[in-house]
Amino acid sequence: MIRLSPAVQKNRNRFDLIIFDIDGILIDTGRSFPMAIMQSIAKYGELAGIPDLEQPSQQDIAMFKTVPGFNNDWDLDEGLLLFFLQQNILPVPLDLTTFIAETAKAGTGLEGIKNWLFTLPSIFYQKIFSRYRPHLIRKLAMEYYAGEQYCEYLYGIKPEFGVKSGALQAEKVLVDCELFRRISQTHTIGFYSGRNEREFELVKPKIGAENIANQFIVYAATGRPAKPDPIPLLNMARLCNADGIIFIGDSFDDYQTVINFNRYYPEIQCEFVQVINRGKPFAGDISIVENVNQLLHFLEEDK
(Lines give C-alpha, C1' and ligand atoms only; values in the text may rest on other atoms or scores of the structure.)
Protein backbone atom coordinates (compact mmCIF):
# COMPACT_ATOMS: atom_id res chain seq x y z
CA MET A 1 0.00 0.00 0.00
CA ILE A 2 1.22 3.47 -0.85
CA ARG A 3 -0.82 6.65 -0.58
CA LEU A 4 0.97 9.95 -0.88
CA SER A 5 -0.80 13.21 -0.16
CA PRO A 6 -1.27 15.79 -2.92
CA ALA A 7 1.23 18.05 -1.13
CA VAL A 8 3.93 15.38 -1.31
CA GLN A 9 3.17 14.44 -4.91
CA LYS A 10 2.92 18.01 -6.20
CA ASN A 11 6.09 19.25 -4.50
CA ARG A 12 8.27 16.18 -4.88
CA ASN A 13 11.30 18.18 -6.04
CA ARG A 14 10.96 20.72 -3.26
CA PHE A 15 11.75 18.22 -0.51
CA ASP A 16 15.53 18.39 -0.33
CA LEU A 17 15.80 17.22 3.31
CA ILE A 18 14.60 13.71 4.14
CA ILE A 19 14.57 12.88 7.85
CA PHE A 20 14.19 9.34 9.11
CA ASP A 21 13.17 7.74 12.34
CA ILE A 22 15.30 4.59 12.65
CA ASP A 23 13.50 1.84 14.56
CA GLY A 24 10.77 0.25 12.46
CA ILE A 25 11.79 2.38 9.46
CA LEU A 26 15.40 1.54 8.58
CA ILE A 27 15.89 -1.28 11.07
CA ASP A 28 13.39 -3.99 12.05
CA THR A 29 13.27 -3.88 15.85
CA GLY A 30 10.11 -5.96 16.14
CA ARG A 31 12.00 -8.81 17.78
CA SER A 32 14.61 -6.83 19.73
CA PHE A 33 13.21 -4.08 21.95
CA PRO A 34 9.93 -5.96 22.64
CA MET A 35 11.88 -9.07 23.63
CA ALA A 36 14.14 -7.04 25.92
CA ILE A 37 11.08 -5.46 27.55
CA MET A 38 9.35 -8.80 28.13
CA GLN A 39 12.50 -10.37 29.56
CA SER A 40 13.25 -7.36 31.77
CA ILE A 41 9.83 -7.38 33.42
CA ALA A 42 10.01 -11.14 33.97
CA LYS A 43 13.42 -10.76 35.64
CA TYR A 44 12.22 -7.72 37.60
CA GLY A 45 9.47 -9.79 39.22
CA GLU A 46 12.07 -12.32 40.32
CA LEU A 47 14.56 -9.75 41.68
CA ALA A 48 11.93 -7.57 43.38
CA GLY A 49 10.29 -10.53 45.09
CA ILE A 50 7.04 -10.33 43.12
CA PRO A 51 6.76 -13.86 41.71
CA ASP A 52 3.15 -13.35 40.59
CA LEU A 53 3.93 -10.17 38.61
CA GLU A 54 2.28 -10.62 35.22
CA GLN A 55 4.45 -10.31 32.12
CA PRO A 56 3.68 -8.29 28.99
CA SER A 57 2.79 -9.76 25.62
CA GLN A 58 3.78 -8.44 22.21
CA GLN A 59 0.25 -7.05 21.92
CA ASP A 60 0.60 -5.15 25.22
CA ILE A 61 3.81 -3.53 23.98
CA ALA A 62 2.24 -2.68 20.62
CA MET A 63 -0.67 -0.97 22.39
CA PHE A 64 1.70 1.17 24.45
CA LYS A 65 3.58 2.11 21.28
CA THR A 66 0.46 3.85 19.96
CA VAL A 67 0.26 6.13 23.01
CA PRO A 68 1.80 9.64 22.91
CA GLY A 69 4.87 9.89 25.11
CA PHE A 70 6.11 6.31 24.74
CA ASN A 71 8.38 6.58 21.72
CA ASN A 72 11.32 5.78 24.03
CA ASP A 73 11.41 2.05 24.78
CA TRP A 74 12.84 2.48 28.28
CA ASP A 75 9.94 4.82 29.17
CA LEU A 76 7.60 2.23 27.69
CA ASP A 77 9.19 -0.46 29.86
CA GLU A 78 8.61 1.62 32.98
CA GLY A 79 5.04 2.35 31.95
CA LEU A 80 4.29 -1.35 31.46
CA LEU A 81 5.85 -2.16 34.82
CA LEU A 82 3.57 0.36 36.55
CA PHE A 83 0.59 -1.11 34.70
CA PHE A 84 1.38 -4.61 35.95
CA LEU A 85 2.10 -3.36 39.47
CA GLN A 86 -1.38 -1.81 39.67
CA GLN A 87 -2.78 -5.08 38.33
CA ASN A 88 -0.93 -6.90 41.08
CA ILE A 89 -1.95 -4.57 43.89
CA LEU A 90 -5.32 -2.89 43.25
CA PRO A 91 -8.40 -4.81 44.38
CA VAL A 92 -10.12 -3.80 41.12
CA PRO A 93 -7.27 -3.23 38.65
CA LEU A 94 -7.69 -1.63 35.25
CA ASP A 95 -7.29 -3.61 32.06
CA LEU A 96 -4.71 -2.23 29.63
CA THR A 97 -7.16 -0.40 27.36
CA THR A 98 -8.79 1.39 30.30
CA PHE A 99 -5.42 2.05 31.96
CA ILE A 100 -4.08 3.76 28.83
CA ALA A 101 -7.24 5.84 28.42
CA GLU A 102 -7.41 6.93 32.07
CA THR A 103 -3.72 7.76 32.48
CA ALA A 104 -3.70 9.73 29.21
CA LYS A 105 -6.25 12.07 30.79
CA ALA A 106 -3.73 12.84 33.53
CA GLY A 107 -0.80 13.68 31.24
CA THR A 108 1.54 12.37 28.59
CA GLY A 109 3.66 9.23 28.90
CA LEU A 110 5.12 8.29 32.27
CA GLU A 111 4.05 11.61 33.77
CA GLY A 112 0.42 10.79 33.03
CA ILE A 113 0.71 7.35 34.63
CA LYS A 114 2.33 8.72 37.78
CA ASN A 115 -0.22 11.54 38.02
CA TRP A 116 -3.03 8.99 37.77
CA LEU A 117 -1.46 6.72 40.39
CA PHE A 118 -1.36 9.63 42.83
CA THR A 119 -5.15 9.93 42.54
CA LEU A 120 -5.51 6.48 44.12
CA PRO A 121 -6.06 6.03 47.86
CA SER A 122 -2.67 6.48 49.55
CA ILE A 123 -2.52 2.87 50.76
CA PHE A 124 -2.48 1.70 47.14
CA TYR A 125 -0.16 4.21 45.50
CA GLN A 126 2.32 3.86 48.37
CA LYS A 127 2.34 0.10 47.92
CA ILE A 128 2.81 0.44 44.15
CA PHE A 129 5.67 2.91 44.46
CA SER A 130 7.35 0.84 47.18
CA ARG A 131 7.74 -1.88 44.53
CA TYR A 132 8.71 0.49 41.73
CA ARG A 133 12.46 0.68 41.07
CA PRO A 134 12.90 2.59 37.80
CA HIS A 135 16.69 2.31 37.79
CA LEU A 136 16.49 -1.47 38.01
CA ILE A 137 13.91 -1.95 35.25
CA ARG A 138 15.88 0.29 32.88
CA LYS A 139 19.15 -1.48 33.65
CA LEU A 140 17.52 -4.83 33.03
CA ALA A 141 16.04 -3.72 29.72
CA MET A 142 19.36 -2.28 28.56
CA GLU A 143 21.24 -5.46 29.38
CA TYR A 144 18.65 -7.71 27.77
CA TYR A 145 18.81 -5.51 24.67
CA ALA A 146 22.59 -5.05 24.44
CA GLY A 147 23.84 -8.28 25.95
CA GLU A 148 27.28 -8.83 27.46
CA GLN A 149 29.08 -7.64 24.31
CA TYR A 150 27.55 -4.18 23.98
CA CYS A 151 26.09 -3.29 27.40
CA GLU A 152 28.97 -1.17 28.63
CA TYR A 153 29.69 0.33 25.19
CA LEU A 154 26.08 1.45 24.62
CA TYR A 155 25.01 2.43 28.12
CA GLY A 156 28.12 2.70 30.29
CA ILE A 157 26.92 -0.01 32.67
CA LYS A 158 28.58 -3.30 33.47
CA PRO A 159 26.46 -6.37 32.73
CA GLU A 160 25.44 -8.21 35.86
CA PHE A 161 22.43 -10.36 35.00
CA GLY A 162 24.15 -12.98 32.85
CA VAL A 163 22.72 -11.99 29.46
CA LYS A 164 25.20 -13.33 26.93
CA SER A 165 23.54 -12.45 23.62
CA GLY A 166 21.41 -9.32 23.52
CA ALA A 167 18.13 -8.98 21.66
CA LEU A 168 19.74 -6.47 19.27
CA GLN A 169 21.27 -9.46 17.49
CA ALA A 170 17.79 -10.18 16.07
CA GLU A 171 17.53 -6.83 14.27
CA LYS A 172 17.40 -6.79 10.48
CA VAL A 173 17.84 -4.07 7.87
CA LEU A 174 14.64 -2.80 6.24
CA VAL A 175 16.03 -0.22 3.85
CA ASP A 176 17.49 -1.03 0.43
CA CYS A 177 21.05 0.18 1.07
CA GLU A 178 21.84 0.86 -2.58
CA LEU A 179 18.63 2.85 -3.00
CA PHE A 180 19.40 4.72 0.22
CA ARG A 181 22.87 5.54 -1.12
CA ARG A 182 21.43 6.94 -4.35
CA ILE A 183 18.91 9.10 -2.48
CA SER A 184 21.71 10.47 -0.31
CA GLN A 185 23.39 11.80 -3.46
CA THR A 186 20.38 13.93 -4.40
CA HIS A 187 18.99 14.83 -0.96
CA THR A 188 20.28 15.82 2.44
CA ILE A 189 19.62 12.97 4.86
CA GLY A 190 18.78 13.48 8.53
CA PHE A 191 17.87 11.25 11.46
CA TYR A 192 15.64 12.01 14.45
CA SER A 193 15.70 8.99 16.70
CA GLY A 194 15.35 7.98 20.31
CA ARG A 195 18.56 5.99 19.94
CA ASN A 196 21.62 7.33 21.68
CA GLU A 197 24.77 8.13 19.70
CA ARG A 198 26.43 4.76 20.17
CA GLU A 199 23.26 2.85 19.33
CA PHE A 200 23.22 4.85 16.11
CA GLU A 201 26.88 4.08 15.43
CA LEU A 202 26.03 0.36 15.44
CA VAL A 203 23.28 0.98 12.89
CA LYS A 204 25.28 3.12 10.43
CA PRO A 205 27.23 0.33 8.72
CA LYS A 206 24.12 -1.86 8.51
CA ILE A 207 22.24 0.74 6.45
CA GLY A 208 25.28 1.98 4.55
CA ALA A 209 25.24 5.41 6.19
CA GLU A 210 28.93 5.42 7.15
CA ASN A 211 29.89 6.14 3.53
CA ILE A 212 27.85 9.35 3.21
CA ALA A 213 29.06 11.07 6.36
CA ASN A 214 29.64 14.41 4.62
CA GLN A 215 26.18 14.55 3.13
CA PHE A 216 23.78 14.12 5.98
CA ILE A 217 22.96 15.57 9.38
CA VAL A 218 22.59 13.19 12.29
CA TYR A 219 20.47 13.76 15.37
CA ALA A 220 20.76 10.86 17.80
CA ALA A 221 18.84 11.84 20.93
CA THR A 222 20.50 11.25 24.28
CA GLY A 223 17.85 12.99 26.36
CA ARG A 224 16.18 16.24 25.39
CA PRO A 225 14.89 17.56 23.12
CA ALA A 226 12.93 14.48 22.19
CA LYS A 227 9.89 13.79 20.05
CA PRO A 228 7.45 15.43 19.61
CA ASP A 229 9.73 18.47 20.01
CA PRO A 230 10.19 19.91 16.46
CA ILE A 231 13.37 21.87 17.22
CA PRO A 232 15.77 19.18 15.85
CA LEU A 233 13.89 19.26 12.53
CA LEU A 234 14.19 23.03 12.46
CA ASN A 235 17.91 22.90 13.26
CA MET A 236 18.55 20.45 10.43
CA ALA A 237 16.52 22.54 7.98
CA ARG A 238 18.44 25.71 8.87
CA LEU A 239 21.83 24.00 8.67
CA CYS A 240 21.25 22.88 5.10
CA ASN A 241 18.93 25.76 4.09
CA ALA A 242 16.19 23.29 3.17
CA ASP A 243 13.18 24.32 1.10
CA GLY A 244 11.09 21.36 2.26
CA ILE A 245 11.23 18.43 4.67
CA ILE A 246 9.80 14.94 4.64
CA PHE A 247 9.90 13.16 7.98
CA ILE A 248 9.22 9.44 7.78
CA GLY A 249 8.24 7.58 10.96
CA ASP A 250 5.87 5.05 12.47
CA SER A 251 4.89 6.31 15.93
CA PHE A 252 2.31 8.86 17.01
CA ASP A 253 5.13 10.96 18.48
CA ASP A 254 6.74 11.07 15.02
CA TYR A 255 3.47 12.33 13.55
CA GLN A 256 2.98 14.86 16.36
CA THR A 257 6.50 16.19 15.76
CA VAL A 258 5.47 17.27 12.25
CA ILE A 259 2.18 18.71 13.53
CA ASN A 260 4.16 20.80 16.01
CA PHE A 261 6.68 21.85 13.37
CA ASN A 262 3.97 23.10 11.03
CA ARG A 263 2.26 24.93 13.86
CA TYR A 264 5.36 26.91 14.88
CA TYR A 265 7.44 27.07 11.68
CA PRO A 266 5.00 27.25 8.75
CA GLU A 267 7.54 29.07 6.58
CA ILE A 268 9.23 25.70 5.82
CA GLN A 269 7.06 23.01 4.26
CA CYS A 270 7.19 19.80 6.30
CA GLU A 271 5.28 16.63 5.45
CA PHE A 272 4.93 13.41 7.41
CA VAL A 273 5.00 9.97 5.79
CA GLN A 274 3.86 7.08 7.99
CA VAL A 275 5.20 3.56 7.65
CA ILE A 276 2.13 1.54 8.55
CA ASN A 277 3.81 -1.54 10.07
CA ARG A 278 0.46 -3.38 10.22
CA GLY A 279 -1.10 -0.46 12.07
CA LYS A 280 -3.58 2.23 11.05
CA PRO A 281 -3.02 5.75 9.67
CA PHE A 282 -2.85 8.40 12.38
CA ALA A 283 -5.04 10.69 10.27
CA GLY A 284 -7.06 10.26 7.13
CA ASP A 285 -5.13 12.74 5.00
CA ILE A 286 -1.52 11.80 5.72
CA SER A 287 0.83 9.93 3.41
CA ILE A 288 1.32 6.23 4.12
CA VAL A 289 3.66 3.54 2.81
CA GLU A 290 4.18 -0.09 3.74
CA ASN A 291 7.95 0.32 3.88
CA VAL A 292 10.55 3.03 3.52
CA ASN A 293 11.73 1.81 0.12
CA GLN A 294 8.42 2.77 -1.47
CA LEU A 295 9.01 6.39 -0.51
CA LEU A 296 12.64 6.30 -1.67
CA HIS A 297 11.60 4.94 -5.08
CA PHE A 298 9.07 7.76 -5.38
CA LEU A 299 11.71 10.39 -4.51
CA GLU A 300 14.12 8.93 -7.04
CA GLU A 301 11.73 8.93 -9.99
CA ASP A 302 12.31 12.48 -11.18
CA LYS A 303 15.95 12.73 -10.22
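The values are calculated or read from the model by the stated rules, or taken from the named source; none is laboratory data. Quick caveat: nothing in here was measured; it's all calculated off a predicted structure. With ideal geometry, Cβ positions are generated from the backbone for all residues, glycine too; neighbour counts draw on all protein chains shown.
Within the range 246-287, which residues are among the β-branched types (Val, Ile, Thr) and surrounded by fewer than 21 Cβ atoms within 10 Å (Cβ to Cβ)? Quick ask: steps written out before the conclusion?
Our first condition is that a residue be among the β-branched types (Val, Ile, Thr); within the range 246-287, this holds for 246, 248, 257-259, 268, 273, 275-276, 286.
Residues satisfying the conditions are Ile259, Ile268, Ile276, Ile286.
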Subject >> Leading residue by the ranking (farthest from Leu26 (Cα to Cα)) among those in the range 270-303 that are assigned to a strand (DSSP E or B) and among the β-branched types (Val, Ile, Thr) >> reply: Ile288
Original post:
Here is a list of conditions, (1) outside any helix (DSSP H, G or I); (2) of a type in the set (D, E, K, R); (3) in contact (Cβ under 8 Å) with a residue 24 or more places away in the chain, and Glu267 meets all of them except one; can you say which number that is?
Top reply: (3)
Original post:
Considering only residues of the range 258-303 that are touching a strand residue (DSSP E or B) at 6+ places or on another chain (Cβ under 9 Å) and polar (S, T, N, Q), which is farthest from Arg14 (Cα to Cα)?
Top reply: Asn291
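On the basis of being at pLDDT 95 or above and either of a type in the set (A, V, I, L, M) or part of a loop (DSSP other than H, G, I, E, B) (or both), does Val258 make the cut? Steps first, answer last, please.
Details: at pLDDT 95 or above: yes; either of a type in the set (A, V, I, L, M) or part of a loop (DSSP other than H, G, I, E, B) (or both): yes.
So Val258 passes the test.
How many residues does the range 1-15 hold that are surrounded by 14 or more Cβ atoms within 10 Å (Cβ to Cβ), outside any loop (DSSP other than H, G, I, E, B) and modelled with pLDDT of 90 or more? Step through it out loud before you land on a result.
Filtering the range 1-15 for residues surrounded by 14 or more Cβ atoms within 10 Å (Cβ to Cβ) gives 2-5, 7-8, 11-12, 14-15.
Subsequent filtering for residues that are outside any loop (DSSP other than H, G, I, E, B) retains 2-3, 7-8, 12, 14.
Those still in the list that are modelled with pLDDT of 90 or more too: 2-3, 7-8, 14.
Number satisfying all stated conditions: 5.
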Subject >> Selection from the range 139-177 of residues that are touching a Gly at 6+ places or on another chain (Cβ under 8 Å), of a type outside the set (A, V, I, L, M) and closer than 16 Å to Lys204 by Cα >> reply: Tyr150, Gln169, Cys177
Original post:
Within the range 220-229, is there a residue that is surrounded by fewer than 21 Cβ atoms within 10 Å (Cβ to Cβ) and at pLDDT 90 or above?
Top reply: yes
**OP:** Kindly establish whether Ile41 is among the hydrophobic types (A, V, I, L, M, F, W, C), surrounded by 15 or more Cβ atoms within 10 Å (Cβ to Cβ), more than 15 Å from the chain's Cα centre (by Cα) and modelled with pLDDT under 95.
**Re:** no
